[in-house]
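> Please find one structure pasted underneath; my questions will follow.
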Amino acid sequence: GRAGLDDLAGADLGDESTLARLGELRARHSPDEAAALLDQARLRCAALGKFPDAARLFFIDEALQQASNIEVARYRAGLFRGYTRVADLGCGIGADSLAMAEVAASVLAVERDPVRARLAAANVAARGLAVRVDVVCADWTSLALDVEAAFADPGRRVGGRRVFHLDQMEPPLAALLALQSRL
């Protein structure tokens, strides 16, 4: 897949060129792979505002929309400077985990969605940070967290709709307060 994505770098990915791009891709890939490659190439273009190195990272649309941009992620990561092991709980595709790895010796990135966890692991590897970031696919509320500090950015959408009450966010405030008492 990486070679196919490299071939699309710099190509016209606009809607009017979709058929031409898919035709080129289908000459070397299955129809499903061709569609996935085109989608990923477009997501990489859309991600440039949040990730300057988007051309080497992996995304899905909803997770990209929810991901912290690099400036915000680095600001928040700065709060963990000096810690040995920190956790990013509900790490999504890994934006905050990547930034935390710049300031902490070790990061535990926990994501319960298996697709997002795999993308986070791929993004960690793409940045060469696999020795500093452990990506785990699990529900963090059921894990014994061996960390000094933890970060969670609750999801504010449920079923595609924005929520405004703290108990409707994922994870709910009660779970975050329970974690705070354990650390």
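The values are calculated or read from the model by the stated rules, or taken from the named source; none is laboratory data. None of these values were measured; they are calculated from a predicted model. Cβ atoms come from the backbone with ideal geometry, glycine included; neighbour counts cover every protein chain shown. Ligands, DNA and RNA are excluded from the accessible area calculation, which covers all protein heavy atoms including side chains. Shrake-Rupley method; radii C 1.70, N 1.55, O 1.52, S 1.80 Å.
> Which shape class, rounded, prolate or oblate, goes with the stretch 1-104 when its Cα gyration tensor gives a ≥ b ≥ c as root eigenvalues, a/c under 1.5 marks rounded, and past that a/b bigger than b/c marks prolate?
It comes out prolate by the Cα gyration axes.
> Here is a further query. Given the peptides 75-85, 120-130, arrange them by the average over their residues of other C-beta atoms within 10 Å, most packed first. Numbers along the way, then the final one.
On the way: 75-85: 15.2, 120-130: 19.2.
Listed from highest to lowest mean packing, they are 120-130, 75-85.
> With each label point set 7 Å from Cα along the Cα-Cβ vector, what nm distance links Ile70 and Val115?
2.6 nm
> Going by average Cβ neighbours within 10 Å, how do the peptides 35-46, 95-106 rank, with the highest at the top?
Numbers: 35-46: 18.1, 95-106: 23.7.
Averaged packing, sorted descending, gives the order 95-106, 35-46.
> Next up: If one takes the longest principal axis of the Cα atoms in the chain, at what angle in degrees, from 0 to 90 and to the nearest 10, does the Cα axis of helix 114-126 lie?
Value to nearest ten degrees: 80.
> If I take the Cα coordinates of the stretch 109-149 and project them onto the principal axes, what are the three extents in Å, biggest first?
28, 24, 11
> Leaving ligands, DNA and RNA out of it, report the carbon-plus-sulfur percent of the accessible area of the chain at a 1.4 Å probe.
Numbers: 5350 of 10030 Å².
C and S fraction of accessible area: 53 percent.
> On full extension of the chain, what length is gained from Ile60 through Asp139, given 0.36 nm per residue of separation minus the C-alpha to C-alpha distance?
Stretched fully, the Ile60-Asp139 segment lengthens by 26.4 nm.
> For the stretch 1-133, what is the relative contact order in percent, using Cα pairs closer than 8 Å and at least 6 residues apart in sequence? Present the calculation step by step, with values, prior to reporting the outcome.
On the way: 174 pairs, mean separation 24.2, N = 133.
Worked out over the stretch 1-133, it gives 18 percent.
> Also, quick follow-up: So if each residue of separation counts as 0.36 nm, and I subtract the Cα-Cα distance between Val103 and Val131, what length gain in nm does that give? Provide the component values of the computation, followed by the final result.
Working: separation 28, 0.36 × 28 = 10.08 nm, distance 1.39 nm.
Fully extending the segment from Val103 to Val131 adds 8.7 nm.
> Residues of the chain: accessible area per residue at 1.4 Å, in Å²? Mind showing how you got there, number by number?
Values: 10030 Å² over 183 residues.
Ligands and nucleic acids excluded, the figure is 55 Å² per residue.
> Subtract the Cα-Cα distance of Glu170 and Ala46 from 0.36 nm times their separation in residues, and report this length gain in nm to one decimal. Present the calculation step by step, with values, prior to reporting the outcome.
Values: separation 124, 0.36 × 124 = 44.64 nm, distance 2.53 nm.
In short, 42.1 nm is gained.
> Nearest 5 is fine: what % of DSSP beta bridges in the chain come out antiparallel, could you say?
Numbers: 3 of 17 bridges.
If we restrict to bridges inside the chain, about 20 percent are antiparallel.
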